[in-house]
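Undergrad: Mind having a look at this structure? Questions to follow.
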Amino acid sequence: MLLALDTSTAACTAALFDGDQCIAKADELIGRGHAERLAPMLDELLAGRSADTILVGVGPGSFTGIRVGIAAAHGLAIGWGAKLFGFSSLALLAASSGIEGEVAAAMIGGHGELFVQQFDAEFKPSTELLNLGPMAAASVIAADSVVGPGAAALIEARGSGDAVEAWPSASKVFRLPEHLRQLSPAPVYARAPDAKVRSAA
């Protein structure tokens, strides 16, 4: 069995697969509190079952949320002796939207900036992963439909297109290209942390 989970946004999502068939899923829009909600959600979802492979969203997105999901995935992988891989959280967001054809995913980053990336109809990236202000993002994202919590800011800056409120669902992870669900299970923050380590005097 395979367990997929993502905590990179205000959503907390997990799904259990037998082969590539989703046999159980949980999608909750919780805002904050992933650390408190994820473990009970997984307990309910698994119902005593375990997985031999785990896929975890590695970002970009919420700094704290990403770390919560990856820490939980590492813990389960150790306990189960399971294989562990990461997947692109922006790609999952795009794949969860239900939009056919080219689509861009946008999440809200720090300091009013956006994490954005554009994907083709098979959810293969057609731009690099970018961390830009809304105006700069609007100049490089051409897809008419933009999904996710940062979509409205991008569309407002561009003045055209459709902003679609959407959230990632782990049940859609097999819609991603294989190389986007075989990433290293380490955080992809896409920007430097605000806190700086003080150098030694």
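The values are calculated or read from the model by the stated rules, or taken from the named source; none is laboratory data. This one's a predicted model, so the numbers in the text were calculated from it and none came from an experiment. Neighbour counts run over all protein chains shown; Cβ positions are idealised from the backbone, glycine included.
Undergrad: Please go through the range 29-76 and pick out each residue that is outside any helix (DSSP H, G or I) and more than 25 Å from Gly109 (Cα to Cα).
TA: Hits for the range 29-76 are Ala47, Gly48, Arg49, Ser50, Ala51, Asp52, Thr53, Ile54.
Undergrad: Report yes if Glu113 is outside the structural domain of Ala10 (by TED's automatic domain parsing), of a type in the set (D, E, K, R) and crowded, with 16+ Cβ neighbours inside 10 Å, otherwise no.
TA: So Glu113 passes the test.
Undergrad: Under 9 Å by Cβ, and 6 or more places apart or on different chains, what pairs join a residue from the range 87-113 that is within 16 Å of Thr127 (Cα to Cα) with one that is modelled with pLDDT under 90 and among the polar types (S, T, N, Q)?
TA: Met107/Ser62
Undergrad: Could I ask something else about it? Inside the range 142-157, can you point out the residues that are among the hydrophobic types (A, V, I, L, M, F, W, C), within 26 Å of Gly31 (Cβ to Cβ) and surrounded by 19 or more Cβ atoms within 10 Å (Cβ to Cβ)?
TA: Val146, Val147, Ala151, Ala153, Leu154, Ile155
Undergrad: Can you tell me which of (1) in a loop (DSSP other than H, G, I, E, B); (2) under 23 Å from Val68 (Cβ atoms); (3) at pLDDT below 95 is the one Ala201 doesn't meet?
TA: (2)
Undergrad: Next up: Of all residues in the range 54-96, how many are surrounded by fewer than 20 Cβ atoms within 10 Å (Cβ to Cβ), modelled with pLDDT of 95 or more, within 28 Å of Leu130 (Cβ to Cβ) and β-branched (Val, Ile, Thr)?
TA: Within the range 54-96, residues that are surrounded by fewer than 20 Cβ atoms within 10 Å (Cβ to Cβ), modelled with pLDDT of 95 or more, within 28 Å of Leu130 (Cβ to Cβ) and β-branched (Val, Ile, Thr) number 0.
Undergrad: Same structure, new question: Hey, can you tell me all the residues within the range 129-177 that are closer than 30 Å to Asp18 by Cβ and of a type in the set (Val, Ile, Thr)?
TA: Val147, Val173, listed by residue number.
Undergrad: How many residues, within the range 77-91, are assigned to a loop (DSSP other than H, G, I, E, B) and among the hydrophobic types (A, V, I, L, M, F, W, C)?
TA: So the answer is 1.
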